[in-house]
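Engineer: Here it is, the structure in full.
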Amino acid sequence: MSSDIVYQRPLFGGKISCTFPNRFQDVSEIRQVPDHQEVFADPSRDESLIVELLEFKPDVADNGSAVWFLQDLAREQDAQGTVVIEQSGVHEAPGLMYNSIPAAVTTAVGQMAISKGRQGREAQNIVKVHLANLRIKGVDTDVLITAYEPIVINPFSESADTVGAGMAVPAAQAGCMPMEEVFKLAVTSFKVYDWSLF
């Protein structure tokens, strides 16, 4: 049973919100975060949750858009061994409607080997990545909600100092909400309060 306390978090100056456990700390209080991102992390588990606002990609089809962004993310992070584990079809999100156009939502889950920060390939961790693409076409925006969950921590990774090397401790064993549930909660609770953000 999870002992996590969840609450609604204001994002981008309160113009957006979503709900997730309070164990995720605002990374912008520790280091600089790009203006188009909100980044939260639980350093004790090396898990993170990112909400990102991107310009709409008209050349990417709705069906499979989350997989496209997952693969783009893998390229961007110089990942190795990227595998798509599952993907959803396209779902409409009537609660995210702008100019009578509902948002199209797709999700994908992948696994990849990536390094933290500026560390090289010799320090790659095996990570499960949950990604949702909320396509808000009425405001030409692709919203990405990405959750990172370590599976194996490399002994050369800087993460090994905090969480230890080897297989990650399962969330249930640690008394935490599993990342799959954290991700689903963040995606399903995503709300826009001020459309002028876009």
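The values are calculated or read from the model by the stated rules, or taken from the named source; none is laboratory data. Values in this document were obtained by computation on a predicted structure and should not be read as measured data. No Cβ is skipped: glycine too gets one built from the backbone with ideal geometry, and neighbour counts run over all protein chains shown. In case anyone asks, the SASA skips ligands and DNA or RNA and just uses the protein heavy atoms, side chains included. Shrake-Rupley method; radii C 1.70, N 1.55, O 1.52, S 1.80 Å.
Engineer: Do you know which of the residues in segment 22-72 that are at pLDDT below 95 and of a type in the set (Lys, Arg) is most open to solvent (accessible area, probe 1.4 Å)?
Structural biologist: The extreme case among them is Arg31.
Engineer: Please state which of the following conditions Thr107 fails to meet, knowing it meets all the rest: (1) in contact with a His (Cβ under 9 Å, 6 or more places away or on another chain); (2) farther than 19 Å from Ile145 by Cα; (3) not acidic (Asp, Glu).
Structural biologist: Single failed check for Thr107: (2).
Engineer: For the list (1) in a strand (DSSP E or B); (2) out of contact with any Asp or Glu (no Cβ under 7 Å at 6 or more places or on another chain), I need the number of the one condition that Val109 fails.
Structural biologist: (2)
Engineer: Going by the conditions given, is Ser3 hydroxyl-bearing (Ser, Thr, Tyr) and either open to solvent by 20 Å² or more (accessible area, probe 1.4 Å) or over 15 Å from the mean Cα position of the chain (by Cα) (or both)?
Structural biologist: yes
Engineer: Further question on the same structure: Given the options Gly14, Gly89, name the one that is on the phi > 0 side of the Ramachandran plot, out of contact with any helix residue (DSSP H, G or I) (no Cβ under 6 Å at 6 or more places or on another chain) and either of a type outside the set (Phe, Trp, Tyr) or free of Cβ contacts under 8 Å to residues at least 60 places away in the same chain (or both). Working first, answer last.
Structural biologist: Working: Gly89 fails: on the phi > 0 side of the Ramachandran plot.
Within the list Gly14, Gly89, the selection yields Gly14.
Engineer: How many residues does segment 73-119 hold that are closer than 28 Å to Trp195 by Cβ, among the hydroxyl-bearing types (Ser, Thr, Tyr), touching a Lys or Arg at 6+ places or on another chain (Cβ under 9 Å) and at pLDDT below 95?
Structural biologist: The number of residues fulfilling the criteria is 1.
Engineer: Something else now. Would you point out the residue of segment 73-88, among those that are assigned to a loop (DSSP other than H, G, I, E, B) and open to solvent by less than 40 Å² (accessible area, probe 1.4 Å), that is nearest to Ser115 (Cα to Cα)?
Structural biologist: Step one: filter segment 73-88 for residues assigned to a loop (DSSP other than H, G, I, E, B), giving 77-79, 88.
Now restrict to residues that are open to solvent by less than 40 Å² (accessible area, probe 1.4 Å): 79, 88.
Values: Ala79: 8, Ser88: 27 Å.
Out of the qualifying residues, it is Ala79.
Engineer: Same structure, new question: In this structure, is Val152 without any contact (Cβ under 8 Å) to a residue 40 or more places away in the chain and crowded, with 22+ Cβ neighbours inside 10 Å?
Structural biologist: Numbers: without any contact (Cβ under 8 Å) to a residue 40 or more places away in the chain: yes; crowded, with 22+ Cβ neighbours inside 10 Å: no.
So Val152 does not fit the description; no.
Engineer: Got a number for residues in segment 141-173 being at pLDDT below 90, among the small types (Gly, Ala, Ser) and closer than 19 Å to Phe24 by Cβ?
Structural biologist: The qualifying residues number 3.
Engineer: Would segment 10-19 turn up any residue that is at pLDDT below 95, over 14 Å from the mean Cα position of the chain (by Cα), hydroxyl-bearing (Ser, Thr, Tyr) and surrounded by 14 or more Cβ atoms within 10 Å (Cβ to Cβ)? Show your work before the answer.
Structural biologist: At the first step, the residues of segment 10-19 found to be at pLDDT below 95 are none.
Among the residues of segment 10-19, not one is at pLDDT below 95, over 14 Å from the mean Cα position of the chain (by Cα), hydroxyl-bearing (Ser, Thr, Tyr) and surrounded by 14 or more Cβ atoms within 10 Å (Cβ to Cβ), which makes the answer no.
Engineer: Could you tell me which numbered condition Gly138 fails, if it satisfies all but one of (1) at pLDDT below 95; (2) open to solvent by 30 Å² or more (accessible area, probe 1.4 Å); (3) not basic (Lys, Arg)?
Structural biologist: Of the numbered conditions (1) at pLDDT below 95; (2) open to solvent by 30 Å² or more (accessible area, probe 1.4 Å); (3) not basic (Lys, Arg), the odd one out for Gly138 is (2).
Engineer: Can you pull out the residues in segment 98-122 that are among the small types (Gly, Ala, Ser) and either more than 21 Å from Gly81 (Cβ to Cβ) or open to solvent by 70 Å² or more (accessible area, probe 1.4 Å) (or both)? Give the derivation first.
Structural biologist: As a first pass, look at segment 98-122 and keep what is among the small types (Gly, Ala, Ser): 100, 103-104, 108, 110, 113, 115, 117, 120.
Within segment 98-122, Ser100, Ala103, Ala104, Gly117 meet the criteria.
Engineer: Provide a single number: the residues in segment 155-198 that are open to solvent by 50 Å² or more (accessible area, probe 1.4 Å), without any contact (Cβ under 8 Å) to a residue 60 or more places away in the chain and assigned to a strand (DSSP E or B).
Structural biologist: Qualifying residue count, segment 155-198: 1.
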